[in-house]
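Novice: Once you've had a glance at the structure underneath, I'll fire off some questions.
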Amino acid sequence: MTTTYDPRHPRYRDEADLRDELTRVYDLCHGCRLCWNLCPSFPTLFDAVDGHDGNVAAMTTAEQDQVVDECYQCKLCYVKCPYVPPHEWALDFPRLMLRAEAVKHDQRKFDTANEFLGRTDLLGTMSTAGAPIVNRLSGKPGSLSRKLMEKAVGIAAERLLPPYAKQRFSTWWKKRARPSNATDARRSVALFPTCLVEYQDPTIGHDLVKVYERNAVRCELPDGVVCCGMPWLDGGDVDNFMKQATRNVEVLAAEVRKGNDIVVPQPTCGYVLKREYPDYVGGDAAKLVAEHTYDAAEYLMKLHRDSGGLDTDFAGDVPASVAWHAPCHLRAQNIGYKSRDLMKLTGAEVTVIDKCSGIDGTWGYRKENYELSRKIAQPLAEAVRTTDADIVAGDCHLANGAILQETGTKPIHPIQVLARAYGIEPE
């Protein structure tokens, strides 16, 4: 048995060794049960152990694998776990699940859903080029085209998918007029726009740039960045993840050495840069990138605290109240509720909703997880439905899509709340 979460370890993908490690960790979880209500994996695990009269070693391979299949990598068990490194038991449940996915990936060799979901840049480039047609074909859940898509690539036919933009964020960036006060900036950041902003909702990027520039932060868009690689990692394809991660580390480390911090407007991608790159890519460059990567609201609140404050002249549209969804991958970063704090600067009353959307990367898009995903999202949906807030906000574009599907309410990004409060109009 090898306790390792390092994909370069010679026994990382050894199934027999993995099975022994699963038994060790499941036994520790069974004895603790602190995470019983976080996700489906833990009730499934505890029910299986109880069915064997507490004998974890008696669990079948299928029972072990069901726990893996139901883990959607929200990461919150790591935050709650009392046995994470440097504890002598060195328990890291999310990374163990990723190791199990890597072993499964090696065994099946090819997974259509993985191949489709992993190639986000290729898919985004093609889909934005033909956005009206693509959106017409994929935009209606349950349609014939979506049913055919489900059969072909395994994406749930009933899942509401985010539409593609006609103009990519990087295209807008190249065409936009540069601000006249760019040389007076107090800070400079490199944007890691993420696939969701680049291809699907560039308006988040538009507002982020304008809000930052209003606060004397110069924005740059580095050439050569690609998808953070999360879809590959979630699907167990460590090799493809490493290729993209290594490329991004090289580009982003060069930006940091130029004096730029890195700002990420989507929490899952920010988590990957901060936590996954140092562990999977390793080395000084990955560590440098992680140390200088910030969530979009986190960076603004850092400026507000350390660098003379933010512009608080909010002459635009300020909502009296906001219901803010705190995404799992933002909570897992352990940075606090910076988006809440940022929106409160406008004078709005902000209520936090800390319920899972059941999407968590690509897990909730797969047809085999769809019904369970919607069940997981119901507490979040109920909280949104019963709120009397003027608007709903959320940092995660995927989670916002789940909120829209379950409630009919379309959230906006917290940066956009700030932009409207400044009087910055959407393009």
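Every number in this text was worked out from the coordinates using simple rules, so none of it is lab data. Since this is a predicted model, take the numbers as computed values, not measurements. Heads up, the Cβs are rebuilt from the backbone with ideal geometry, glycines too, and the neighbour counts pull from every protein chain shown.
Novice: Scan around residue 412 for amide H atoms under 5 Å from its own, H built in the peptide plane at 1.01 Å from N, and keep only partners 5 or more places away or cross-chain.
Specialist: 392, 393, 394
Novice: Let me ask you something else. Of the DSSP beta bridges with both residues in the chain, give the percent that are antiparallel, rounding to the nearest 5. Spell out each step's value before the answer.
Specialist: Numbers: 1 of 21 bridges.
Looking only at bridges with both residues in the chain, the antiparallel portion is about 5 percent.
Novice: Another question, if that's okay. Quick check: Cα centre of the range 290-319 to Cα centre of the range 90-112, how many Å?
Specialist: Going from one Cα centre to the other spans 38 Å.
Novice: Can you run phi through the Karplus equation (6.51, -1.76, 1.60; θ = phi - 60°) for the range 410-427 and list ³J(HN,Hα) in whole Hz, with x for Gly and Pro?
Specialist: Whole-Hz 3J(HN,Hα) from phi for the range 410-427: 9, x, 10, 6, x, 4, 6, 4, 5, 4, 5, 5, 6, x, 7, 7, x, 7.
Novice: For the range 310-422, what is Rg from Cα atoms divided by 2.2 N^0.38 Å, rounded to two decimals?
Specialist: 1.08
Novice: Could you run the Karplus curve 6.51 cos²θ - 1.76 cosθ + 1.60 with θ = phi - 60° over the range 239-254 and give me ³J(HN,Hα) per residue in whole Hz, x for Gly and Pro?
Specialist: 4, 5, 4, 4, 4, 6, 5, 4, 5, 5, 4, 4, 5, 6, 4, 5
Novice: Which lysines have a Cα less than 19 Å from the Cα of residue 243, not counting those fewer than 8 places away in the same chain?
Specialist: Qualifying lysines at Cα under 19 Å: 109, 274, 287.
Novice: What residues have an amide H closer than 5 Å to that of residue 350, excluding those fewer than 5 places away on the same chain, when H is modeled at 1.01 Å from N in the peptide plane?
Specialist: 322
Novice: Could you pull out the pairs from 174/410; 80/104; 104/302; 151/338 whose alpha carbons sit more than 32 Å apart here? Before the final figure, lay out each step's value.
Specialist: Working: 174/410 29 Å; 80/104 27 Å; 104/302 41 Å; 151/338 41 Å.
Violating the 32 Å limit, Cα to Cα: 104/302; 151/338.
Novice: Relative contact order (percent) for the chain, with alpha-carbon contacts under 8 angstrom and 6 or more residues of separation?
Specialist: Values: 692 pairs, mean separation 61.7, N = 427.
Reported as a whole number, the value is 14 percent.
Novice: Which ³J(HN,Hα) values, rounded to whole Hz and listed in residue order, are derived for the range 202-219 from phi using the Karplus coefficients 6.51, -1.76 and 1.60 in 6.51 cos²θ - 1.76 cosθ + 1.60 with θ = phi - 60°, glycine and proline given as x?
Specialist: Each residue of the range 202-219 in turn: x, 4, 4, x, 4, 5, 4, 4, 5, 5, 5, 5, 4, 9, 6, 10, 6, 10 Hz.
Novice: Test of understanding: what is the full-extension gain from residue 302 to residue 2, defined as 0.36 nm times their sequence separation minus their Cα-Cα distance?
Specialist: That pair, residue 302 and residue 2, stretches by 104.0 nm at full extension.
Novice: Treat the count of other C-beta atoms within 10 Å as a stand-in for reagent exposure and order 126, 149 from fewest to most. Numbers along the way, then the final one.
Specialist: Values: 126 14, 149 19.
So the residues, fewest neighbours to most, are 126, 149.
Novice: Using amide H atoms built in the peptide plane, which far-off residues or other-chain residues are under 5 Å from residue 2 H to H?
Specialist: Correct list: 21.
Novice: Turning to a different aspect of this structure: If you project the alpha carbons of the range 163-220 onto their three principal axes, what span does each projection cover, largest first, in Å?
Specialist: Computed over the Cα atoms, the extents are 37, 18, 14 Å.
Novice: Take the Cα pairs of the range 52-98, get the Kirkwood Rh, then feed it into Stokes-Einstein at 20 °C and 1.002 mPa s and tell me D in µm²/s. Working shown, then result.
Specialist: Values: Rh = 12.0 Å.
The diffusion coefficient I find is 178 µm²/s.
Novice: When you have a sec, figure out the Kirkwood radius of the range 15-108 from all distinct Cα pair distances and drop it here in Å to one decimal? Working shown, then result.
Specialist: Details: mean 1/r = 0.0753 Å⁻¹.
Here the Kirkwood hydrodynamic radius works out to 13.3 Å.
Novice: I've got another one for you. Order 369-380, 184-195 from most to least packed using the mean count of other Cβ atoms within 10 Å.
Specialist: 184-195, 369-380
Novice: Could you order peptides 244-256, 163-175 by the average number of other Cβ atoms within 10 Å of their residues, highest first?
Specialist: Answer by packing, highest mean first, reads 244-256, 163-175.
Novice: Average projected area of the Cα convex hull of the chain, in nm²?
Specialist: Its Cα hull, projected and averaged over all orientations, spans 20.6 nm².
Novice: Which percent of Cα-Cα pairs in the range 95-202 sits in each 5 Å bin, short to long?
Specialist: Pair shares across the bins are 2, 10, 14, 17, 15, 12, 12, 7, 5, 4, 2, 0.
Novice: Taking the alpha-carbon centroid of each part, what is the distance from the range 349-373 to the range 203-239 in angstrom?
Specialist: Result: 22 Å between the Cα centres.
Novice: R0 = 41 Å: FRET efficiency of residue 61 with residue 153, Cβ-based, nearest 0.05?
Specialist: 0.90
Novice: Which of 390, 234 comes first, and how do the rest follow, when ranked by fewest Cβ neighbours within 10 Å?
Specialist: Final ranking by Cβ density, sparse to dense: 390, 234.
Novice: A further question on this structure: Would you mind ranking 109, 367, 147 so that the residue whose beta carbon has the fewest other beta carbons within 10 Å leads the list?
Specialist: 109, 147, 367
Novice: Counting helices only, and only those DSSP H runs with n ≥ 4, report the 222 nm mean residue ellipticity of the chain as the sum of -39,500 (n - 2.57) divided by its residues, in deg cm²/dmol to the nearest 500.
Specialist: After summing the helix terms and dividing by residue count, I get -14500 deg cm²/dmol.
Novice: What ranking do 356-365, 59-68, 311-320 get when scored by the average of other Cβ atoms within 10 Å per residue, highest first?
Specialist: Most protected by this proxy first, the peptides run 356-365, 59-68, 311-320.
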